[in-house]
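The values are calculated or read from the model by the stated rules, or taken from the named source; none is laboratory data. Source: prediction; values computed, not measured. Here Cβ is always computed from backbone atoms with ideal geometry, including for glycine, and neighbour counts include all displayed protein chains. What goes into the accessible areas is simple: the full protein's heavy atoms, side chains included, and nothing from ligands, DNA or RNA. Shrake-Rupley method; radii C 1.70, N 1.55, O 1.52, S 1.80 Å.
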Amino acid sequence: MTYLRGFIPWIAFAVVSSLGWQWGALAGLVIGAVLLVQQRRSGVDADALVLEGSTVIFFAVLTALSFARPHSALEPYDGALALGWLALTAWLTVAVRRPFTLGIARRQAPREVWGTPLFRRINVVITAVWATAFTLSAAALIVVQAADLGGTASTAVQVAGFVLPAMFTAHYPERARARALQQTAPRS
């Protein structure tokens, strides 16, 4: 659930945007800021809040833009913009060797595994899967919008863009650990 908490502002944005993209952006900003402040006050390290910080930046810019230009040509692509931003955030954290899932995973894993190559590798893979899902979802939303396929197709793309990597995240670490144990086990 720790992974999913960071996506609450994005889900609120998607839901509230039906009232207008500026209201969705504002909801995402407010919820994102509240979650970020709550997490910091509760002692969560900044490296576990990369997604939350990126979220606040995105929604601050989008809120300003959407209220300044409520009928902008970007409005129909707000979902693609959001997922594109998440993709950019995730890919950048991989590129700088600080996958956004690393800080989150440290909150759940025992301290003695934090420095292991396996722990790092698991988080690079998980972050890359999220980044890929966000990238593909953003591209698919552009196609959905350009082809005027409607809200049902848009919703399906967005749900898949979050559910599939969440399912992977839930199952991959244990499979990776089991595989690593198998590879290091003495053969008889």
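Normalising by the residue count of the chain, find the relative contact order in percent from Cα pairs under 8 Å and 6+ residues apart.
Result for the chain is 19 percent.
When ranked by the protection proxy of mean other Cβ atoms within 10 Å per residue, highest first, what sequence do the peptides 43-52, 175-184 form?
The peptides rank, most packed first, as 43-52, 175-184.
Find the relative contact order for region 56-128 and round it to a whole percent, using C-alpha pairs within less than 8 Å whose residues are 6+ positions apart.
Taking the mean separation of contacting Cα pairs over the length of region 56-128, I get 29 percent.
Averaged per residue, what accessible surface does the chain expose to a 1.4 Å probe, in Å²?
Using a 1.4 Å probe on heavy atoms only, each residue of the chain averages 55 Å².
For region 1-150, what Kirkwood radius comes out of the mean inverse Cα-Cα distance, in Å?
Answer for region 1-150: a Kirkwood hydrodynamic radius of 16.1 Å.
Using only C-alpha positions, report the orientation-averaged shadow area of the convex hull of region 51-136, nm², one decimal.
6.2 nm²
Where the accessible area of region 29-162 is counted over protein heavy atoms with a 1.4 Å probe, how much of it, in %, is carbon and sulfur?
C and S fraction of accessible area: 67 percent.
For residue 136 and residue 166, FRET efficiency with R0 = 22 Å and r from the beta-carbon atoms, rounded to 0.05?
0.90
Tell me the mean residue ellipticity at 222 nm calculated for the chain from its helices only (DSSP H runs of n ≥ 4, each -39500 (n - 2.57), averaged over every residue, nearest 500).
Here the helix-only value at 222 nm equals -25500 deg cm²/dmol.
Under the 0.36 nm per residue contour assumption, what length would be gained going from the current alpha-carbon distance of residue 19 and residue 67 to full extension?
16.0 nm
If the chain between residue 60 and residue 34 were fully stretched, how many nm would it gain, using 0.36 nm times the residue separation less the Cα-Cα distance?
Computed gain between residue 60 and residue 34 is 8.1 nm.
Please compute, over every Cα-Cα pair in region 83-188, the percentage with a separation greater than 16 angstrom.
Roughly 63 percent, rounded to a whole number.
Order 162, 119, most accessible first, counting only protein heavy atoms with a 1.4 angstrom probe.
Largest accessible area first, the residues go 162, 119.
Between residue 116 and residue 42, what is the spin-label point distance in nm, taking each point 7 Å from the Cα along the Cα→C-beta axis?
Simple spin-label model gives 2.6 nm for this pair.
Run through region 45-120 and list the trypsin sites (Lys or Arg not before Pro) located in a DSSP loop whose Cβ has at most 13 other Cβ atoms within 10 Å.
97, 107
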